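S.K.: Below you will find the structure I want to go over with you.
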Amino acid sequence: MGYMLKEFLSAPSIYGCLQCQTHLARRDSVISRTFQGRLGRAYLTETVVNGRLGELEDRLLITGLHTVCNLYCRACGALIGWRYIRAHDKSQGYKEGKYVLEQSRIYAIDGGME
Ligand SMILES: [Zn+2]
């Protein structure tokens, strides 16, 4: 109880939690870097590791009504973005299941291999 296994990503370039450096996403899982988060620019990513989801909520975004969950770092609890669960407008359906990472809450761990 209380013991948590962190997942470590192995990739040339990774995004981690700004607050605790826990790995969150591979740079090559980023679909878009031009998303608007609640804290400024944000990244849309295919997958996230070491995340914890909050309660389901309906949120009215620029692109319409979406059902989302807040996304927290599982290690330190920092709010790092959200996950799209359902887009009510079908033209936004490609976002379902994807994650938004707030750029101001993450940092790039660069292996220098690019
Ligand atoms: Zn963290």
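S.K.: Reachable lysines from K6, Cα under 23 Å, same-chain residues fewer than 8 places away excluded?
M.R.: K98
S.K.: Specify the residue with the greatest mean-square fluctuation among D28, D89, D58, computed from a Gaussian network of the chain linking alpha-carbon atoms under 10 Å apart.
M.R.: For the chain, modelled as a Gaussian network with Cα springs under 10 Å, the answer is D89.
S.K.: Under 5 Å between amide hydrogens, which residues at least 5 positions from T22 or on another chain qualify, with H placed 1.01 Å from N in the peptide plane?
M.R.: C17
S.K.: Still on this structure, I have one more. If amide H atoms are built 1.01 Å from N in the plane of the peptide, which residues on other chains or at least 5 residues away come under 5 Å of the amide H of I80?
M.R.: L71, Y72, C73
S.K.: Still on this structure, I have one more. Can you send over the solvent-accessible area of R38, 1.4 Å probe, protein chains only, in Å² to the nearest 10?
M.R.: Answer for R38: close to 130 Å² accessible.
S.K.: State, to one decimal in nm, how far the label point of S104 lies from the label point of L79, with both points 7 Å from Cα in the Cβ direction.
M.R.: 1.1 nm
S.K.: May I pose another question? Averaged per residue, what accessible area in Å² does the chain show with a 1.4 Å probe, protein chains only?
M.R.: 57 Å²
S.K.: If I model a spin label at R41 and Q21 as a point 7 Å from the Cα along the Cα→Cβ vector, what separation in nanometres do I get?
M.R.: If labels sit at R41 and Q21, their model points lie 2.5 nm apart.
S.K.: Within the accessible area of the chain, what % is carbon and sulfur when the probe is 1.4 Å and the other protein chains stay in place? Display every interim value, and only then the final one.
M.R.: On the way: 3340 of 6500 Å².
Of all accessible area on the chain, carbon and sulfur atoms account for 51 percent.
The values are calculated or read from the model by the stated rules, or taken from the named source; none is laboratory data. Since the model is a prediction, treat every value here as computed from it, not as a measurement. Reconstructed Cβ throughout: ideal geometry from the backbone, glycine too, with neighbour counts over all protein chains shown. Surface areas here come from the heavy atoms of the whole protein model, side chains and all, with no ligands, DNA or RNA. Shrake-Rupley method; radii C 1.70, N 1.55, O 1.52, S 1.80 Å.
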